[in-house]
Amino acid sequence: MSKLGLIAGGGALPLSVAARCEAEGRPVFVVRLAGFADPHLARYPGVDAGMAEIGRVLSALKKAGCDAVCFAGTVSRPDFKSLKPDFRGATLLPGIVAAATKGDDALLRKILSVFEAEGYAIQGADDILGGETMPAGALGAITPTPEQLQDLKKALHVAEKAGELDIGQGAVVCDGLVLAVEAQEGTDAMLARVAGLPADLRGSAAGRKGALGKAPKPIQDLRVDMPVMGARTIELAAAAGLAGVGGVAGQLILIDHPAIVEAADRLGLFVWGETR
């Protein structure tokens, strides 16, 4: 079993990947990105590194004997002028900055190419987690009504169209009206925006309506940036008055499947996997 180098950003996904490796007896070495990685990742062998310390990261992965790398977790686009690169990072930074001007997907492809050039295989978090992605149909006890399903389908369509422009991965639609499109703020902040909209535009706990749809950008590399959903997504969707959430079957990573189902059933939301 190859040793995995886990490049860990924020959120629960890196923790899930590390825990799965541990459970399966797969050796893992965690590169904890400063300012993003969860403190609980310190229990695993690894190193702390800044985003521009590329030489430090590559050297640590090589010394640890890693054969493959997985990029997992959220990372905000940095102010490139404030970064403090090491020597290797300084040589690569101009190309990375140039790629960043073309969008997040170009930036990710550039970063991946650096690691692939060093001989590392790139593994997706979904593969490591054993394919824990959204199944087709209802996940949980609640099935969307035809009207709610139409809202979800439109939200997914909007998310995909926004993804073509490298904007984001999510959208919220209620009664056919687009309430929000995810950009750099992320899903949580988008749902908080929806919760702050006038009550006549969205649903409520007493009368839920509308849906959040999350879809991968058509241009992106799914090994690195597949959409993610956890129980917190359900909680925030409920707070925004939505009737449910959904994604493209097989293209939305589920963080703690049982917790998602429990939250959805408790709060009365549907969770739906749309087939393509």
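FYI, it's all coordinate maths here, none of it is from the lab. These numbers were taken from a predicted model, which means no experiment stands behind them. Note: ideal-geometry Cβ built from the backbone for every residue, glycine included; neighbour counts use all protein chains shown.
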> If each of GLU116 and SER2 carries a label point 7 Å out from its Cα toward its Cβ, how far apart are those two points in nm?
Replying inline: 1.3
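Would you mind working out the magnitude of the charge dipole of the range 77-216 relative to its Cα centre, with +1 at each Lys and Arg C-beta and -1 at each Asp and Glu C-beta, to the nearest 20 Debye?
Values: 15 positive and 19 negative charges, 63 e Å.
Dipole about the Cα centre, nearest 20: 300 debye.
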>> Given the options ALA136, VAL97, VAL114, identify the residue whose Cα lies farthest towards the positive end of the charge dipole of the range 75-170 (+1 on Cβ of Lys, Arg; -1 on Cβ of Asp, Glu).
In response: VAL97
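Full extension from ARG43 to ALA23: what is 0.36 nm times the residue separation minus their Cα-Cα distance, to one decimal in nm? Intermediate values should be presented prior to the final figure.
On the way: separation 20, 0.36 × 20 = 7.20 nm, distance 1.43 nm.
Taking 0.36 nm per residue and subtracting the Cα distance, the gain is 5.8 nm.
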> So which of LYS110/LYS214; LYS3/LYS102; LYS62/LYS84; LYS110/LYS153; LYS84/LYS214 end up more than 30 Å apart, counting from Cα to Cα?
Replying inline: LYS3/LYS102; LYS110/LYS153; LYS84/LYS214
>> Which one, ILE260, GLN150, LEU212, projects farthest toward the positive side of the charge dipole computed for the range 124-276 from Cβ point charges (K/R +1, D/E -1)?
In response: GLN150
> Along the principal axes of its C-alpha atoms, what lengths does the chain span, in descending order and rounded to whole Å?
Replying inline: 56, 40, 32
> With charges set only on the Cβ (+1 for Lys and Arg, -1 for Asp and Glu), what does the dipole of the chain come to about its Cα centre, in debye to the nearest 20?
Replying inline: 480
>> Under the rule of at least 5 residues apart or a separate chain, name every residue whose amide H is placed under 5 Å from the amide H of GLY46.
In response: VAL30
>> To check you understand DSSP bridge types, tell me what percent of the beta bridges within the chain (both residues inside) are antiparallel, rounded to 5.
In response: 30
> By how many nm would the segment from ALA141 to ARG276 grow when fully extended, if each residue of separation counts as 0.36 nm and the alpha-carbon distance is taken off?
Replying inline: 46.3 nm
>> Under 10 Å, Cα contacts only: if you run a Gaussian network model on the chain, which one of ALA117, ALA37, ALA183 comes out with the highest mean-square fluctuation?
In response: ALA117
> How far apart, in nm, are two points set 7 Å out from the Cα along the Cα-to-Cβ line at ALA206 and at GLU262?
Replying inline: 3.0
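In Å, what Kirkwood hydrodynamic radius results for the range 32-178 from the alpha-carbon pair distances?
Details: mean 1/r = 0.0545 Å⁻¹.
Taking every pair of different Cα atoms in the range 32-178, averaging 1/r and inverting gives 18.4 Å.
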>> Can you list residues from other chains, or at least 5 along the same chain, whose modelled amide H is less than 5 Å from the amide H of ASP175?
In response: GLY210
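What does the convex hull of the Cα atoms come to per residue for the range 69-145, in Å³? Let's see the in-between values first.
Numbers: hull volume 12.1 nm³, N = 77.
Looking at the range 69-145, the number lands at 157 Å³ per residue.
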>> Against the 2.2 N^0.38 Å scaling, with N counting residues, where does the range 131-276 land? I'd like the Cα-based Rg ratio to two decimal places.
In response: 0.92
> With θ set to phi - 60° and the Karplus curve 6.51 cos²θ - 1.76 cosθ + 1.60, what are the ³J(HN,Hα) couplings of the range 227-235 in order, to the nearest whole Hz, using x for Gly and Pro?
Replying inline: x, 10, 9, x, 4, 4, 4, 5, 4
> How many percent of all Cα-Cα pairs in the range 10-55 sit more than 16 Å apart?
Replying inline: 35
> In nm, to one decimal, how far is the ALA192 label point from the LEU222 one, both placed 7 Å along Cα→Cβ?
Replying inline: 3.1
